[in-house]
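I have placed the structure first, in the form of structure tokens, so that the comments after it can refer back to it.
The values are calculated or read from the model by the stated rules, or taken from the named source; none is laboratory data. The structure displayed is predicted, hence computed values, not measured ones. Note that we place each Cβ from the backbone using ideal geometry, even for glycine, and neighbour counts take in every protein chain shown.
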């Protein structure tokens, strides 16, 4: 018997699993594969780069007859970006990290489902007030960017569920296998939004060295800070840190962010290391659950496997 | 149908719920109430103070015919403490925070069930090697003390479950309602070890101001550091931080631990504030899940309510 939730019903998808719209790496092929597997594929459009969308949207739109969506970094977009994206007729638009209020109404007015990701209770309340159709409660375990002073998924999700009801909530952060999906449902979420696990798939747009680092890494090797964003001159606002797999550069600059920001030579040394191939081309954004990631499966198969594991975990729980 | 796990079977208890042996506050009355409610009550014996144990053990031993145990801070005890405790014939002894190897064999040899709490995978592996009968996987969401660089409960528990199998694992940290218990079981744990939720009960040995702070506090008000341990001259090793509800003193000294350690006047100012009653008599050790705590029920009723909520959460999960 398949898992059925407010999320699967809202989108008419088979499994309560959504692809986190990871900027750049969640492209058309990955989103389409997640859709084909029975989940909701969300393109990681970042700041809404026109060429990226023009290339990736057709891949997901033509690769699946199922609903798909586009995710943006809210701090990095303007209404023009959203309007152009809406012309592609995505079934859903997801906004993460920043103030969604300038965009919420035009997304809903265009008939797209509005998904807002939140990292604390004030943001959750604001998302409800803005009329979010789905709220994603992101814990600090998640890979890549999140709030500097974030919440943990396990205690955060049920509080957002209570606050948002009847708006369905997806749990995000720290979920990389079916047991995590099952736990999300047990907490009252209508599904799980999963990032890092999908970075390590055949379809993700990531450098092979990054996929390898995720497969080989351990949760205890990940850490959350701004060091690599500072080193690479990223535009991410300072209120967001990113969880990455550690490396030599991080060992050197951990807890010295202000010093690094004031040291252009050190920043150039990082960039030179990347150029030489001493370091991966991008930070290895990865969540704390990477202990559970040991292979690079096709994403459609992965969605089915996660759902089957979740069903079995729920069936076994408390039934020994 | 009651929840049945390797933990409930091992102890012959009704519910997969254990009382975290919170030093000082998990006394005989609270442990006995948890036992009566169908869980496993564990006394929080801290460093094994002789008088404390002589007072509290009879309360739990005579207050319940059911199994109960004693929990110690591993770094604070010696073999003499363990031997004296074993004379009380506890069904279980739990060791947390520190090297359990000097104590494991004598606890098992005495016929007590050995429970070891772990905060990372190296500790989990060591606990398995020492022959732990039960392993508690503690996430950084938990109230009170834990590893400085801790893991989060949601991604940590399933990895420990895989590593320890067939040794049963309890999830700890961030669990304050039945949905959290259900999530623990979905993750593959055999139960939940719960602390903060039991601080806010009729039987906990806490000052009323502390129970009030837990009921009124929010998860986002909690933070993890060593500031209050330094201020009160605590013997806790510097590798452990504690999650507490914030206060004015923390606002002043957050991120300035070394400076505070070198400033006896500032430490005395804190102690004077406590003496004047401006601040609670002890740090308000509390986990990130306190958003979910809104009352001060009798602990026995609470155990039953948590179990019933967990059953219902599992029955509802993915079945909308």
Candidates A:300, A:289, A:308, A:313, filtered to the one that is at negative phi, at pLDDT 95 or above, away from chain B (no Cβ under 14 Å) and not in a loop (DSSP other than H, G, I, E, B): A:300
For residue B:111: the one exception among (1) closer than 22 Å to residue B:32 by Cα; (2) surrounded by fewer than 22 Cβ atoms within 10 Å (Cβ to Cβ); (3) touching a helix residue (DSSP H, G or I) at 6+ places or on another chain (Cβ under 8 Å): (3)
Residue check, residue B:140 within 9 Å of chain A (Cβ to nearest Cβ), surrounded by 24 or more Cβ atoms within 10 Å (Cβ to Cβ) and either modelled with pLDDT of 95 or more or touching a helix residue (DSSP H, G or I) at 6+ places or on another chain (Cβ under 7 Å) (or both): yes
In the stretch B:268-286, the residues that are part of a loop (DSSP other than H, G, I, E, B), in contact (Cβ under 8 Å) with a residue 24 or more places away in the chain and more than 14 Å from chain A (Cβ to nearest Cβ): B:279, B:280, B:281, B:282, B:283, B:284
Residues located in the stretch A:185-236, provided they are touching a helix residue (DSSP H, G or I) at 6+ places or on another chain (Cβ under 6 Å), under 19 Å from residue A:25 (Cα atoms) and part of a loop (DSSP other than H, G, I, E, B): A:200, A:201, A:203, A:204, A:206, A:217, A:236
Subset of the stretch B:92-106 (residues that are closer than 27 Å to residue B:241 by Cβ and either touching a strand residue (DSSP E or B) at 6+ places or on another chain (Cβ under 8 Å) or not in a loop (DSSP other than H, G, I, E, B) (or both)): B:92, B:93, B:94, B:95, B:96, B:97, B:98, B:100, B:101, B:102, B:103, B:104
Residue tally, condition outside any loop (DSSP other than H, G, I, E, B), within 14 Å of chain B (Cβ to nearest Cβ), touching a residue at least 12 places away in the same chain (Cβ under 8 Å) and surrounded by fewer than 20 Cβ atoms within 10 Å (Cβ to Cβ), over the stretch A:5-46: 2
Single residue of B:220, B:203 found to be more than 21 Å from residue B:117 (Cβ to Cβ), surrounded by 14 or more Cβ atoms within 10 Å (Cβ to Cβ) and within 17 Å of the chain's Cα centre (by Cα): B:203
Test for residue A:171: is it over 17 Å from residue A:302 (Cα atoms) and part of a strand (DSSP E or B): yes
Scope the stretch B:159-173; condition crowded, with 24+ Cβ neighbours inside 10 Å and either farther than 16 Å from residue A:152 by Cα or more than 10 Å from chain A (Cβ to nearest Cβ) (or both); matching residues: B:159, B:160, B:168, B:169, B:170, B:172
Options A:235, A:254: the member that is under 19 Å from residue A:147 (Cα atoms) and in contact (Cβ under 8 Å) with a residue 40 or more places away in the chain: A:235
Test: residue B:50 is surrounded by fewer than 16 Cβ atoms within 10 Å (Cβ to Cβ) and in contact (Cβ under 8 Å) with a residue 24 or more places away in the chain: yes
